[in-house]
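First the structure, in the form of structure tokens, and then the observations on it.
The values are calculated or read from the model by the stated rules, or taken from the named source; none is laboratory data. Keep in mind the model is a prediction, meaning the values are calculated, not measured. Glycine also receives a Cβ, built like all others from the backbone with ideal geometry; neighbour counts cover every protein chain displayed.
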Amino acid sequence: MWFVLALLSAFFAALTSILAKVGIEGVNSNLATAIRTVVVVVMAWGMVFLTNAQSGISEISQKSWLFLILSGLATGASWLCYYKALQLGSASKVVPIDKLSVVITLVLAFVFLHEQFTAKSLIGCILIGIGTLVMVL
């Protein structure tokens with residue numbers, strides 16, 4: 001099931017880029033990010049209440065709160081940069097560069113989470129990097 005959800009995530013991320021590129025025309029990128037964020041917040045809390053998960057808030061540890069807040073700040077910074085880049089550049093160039101996050105994630109997972117970094121991972125990272133360069137040049 002994780003694979004299907006990951007594919008759906010990729011599809012919706014792609015759709016997000018196209019819809020954002022059209023929607024951001026003539027709109028301040030920070031304002032556009034704020035509008036998008038409000039929609040995401042409403043949708044996320046809607047899912048919390050729809051699945052009756054709100055009672056779990058009191059069970060969240062301080063460590064989890066800290067890292068979820070830091071993750072939220074990183075997401076906000078990413079979205080602000082992404083929308084500005086999308087406003088200034090073409091989607092066909094911005095999106096591949098944004099997807100270098102895959103390579104960065106693998107490296108960070110190896111360094112901080114001690115996840116396995118195999119020859120296959122290294123080859124994949126190199127190919128993604130080369131593919132990105134080919135697409136943006």
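Gly89 fulfils the conditions (1) free of Cβ contacts under 8 Å to residues at least 24 places away in the same chain; (2) within 22 Å of Ala32 (Cα to Cα); (3) exposed (fewer than 14 other Cβ atoms within 10 Å of the Cβ) except for a single criterion, (3). Arg36 fulfils the conditions (1) within 15 Å of the chain's Cα centre (by Cα); (2) within 28 Å of Leu133 (Cα to Cα); (3) not hydrophobic (A, V, I, L, M, F, W, C) except for a single criterion, (2).
Residues checked against (1) in contact with a Phe, Trp or Tyr (Cβ under 8 Å, 6 or more places away or on another chain); (2) of a type in the set (Val, Ile, Thr); (3) within 29 Å of Leu31 (Cβ to Cβ); (4) not assigned by TED's automatic domain parsing to the domain that holds Gly23:
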| residue | (1), (2), (3), (4) |
| --- | --- |
| Ser58 | no, no, no, no |
| Ser71 | no, no, yes, no |
| Ala77 | no, no, yes, no |
| Val111 | no, yes, no, yes |
| Glu115 | no, no, no, yes |
| Lys120 | no, no, no, yes |
| Ile130 | no, yes, no, yes |
| Leu133 | no, no, no, yes |
| Val136 | no, yes, yes, yes |
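Restricting the first member to the stretch 53-67 and to residues that are within 21 Å of Met43 (Cα to Cα), and the second to residues that are of a type outside the set (Ser, Thr, Tyr), the beta-carbon pairs closer than 6 Å and six or more apart or on different chains are Gln54/Val48.
Would you check if Phe112 is surrounded by 10 or more Cβ atoms within 10 Å (Cβ to Cβ), aromatic (Phe, Trp, Tyr), without any contact (Cβ under 8 Å) to a residue 24 or more places away in the chain and over 21 Å from Ala6 (Cα atoms)? Against the criterion (surrounded by 10 or more Cβ atoms within 10 Å (Cβ to Cβ), aromatic (Phe, Trp, Tyr), without any contact (Cβ under 8 Å) to a residue 24 or more places away in the chain and over 21 Å from Ala6 (Cα atoms)), Phe112 does not qualify.
Which residues, counting only those in the stretch 117-127, are of a type in the set (A, V, I, L, M, F, W, C), surrounded by 11 or more Cβ atoms within 10 Å (Cβ to Cβ) and either in contact with a Lys or Arg (Cβ under 7 Å, 6 or more places away or on another chain) or assigned to a helix (DSSP H, G or I) (or both)? Within the stretch 117-127, Leu122, Cys125, Ile126, Leu127 meet the criteria.
Quick check: anything in the stretch 37-57 in contact with a Gly (Cβ under 8 Å, 6 or more places away or on another chain) and either under 24 Å from Val94 (Cβ atoms) or not basic (Lys, Arg) (or both)? Yes - at least one qualifying residue is present in the stretch 37-57.
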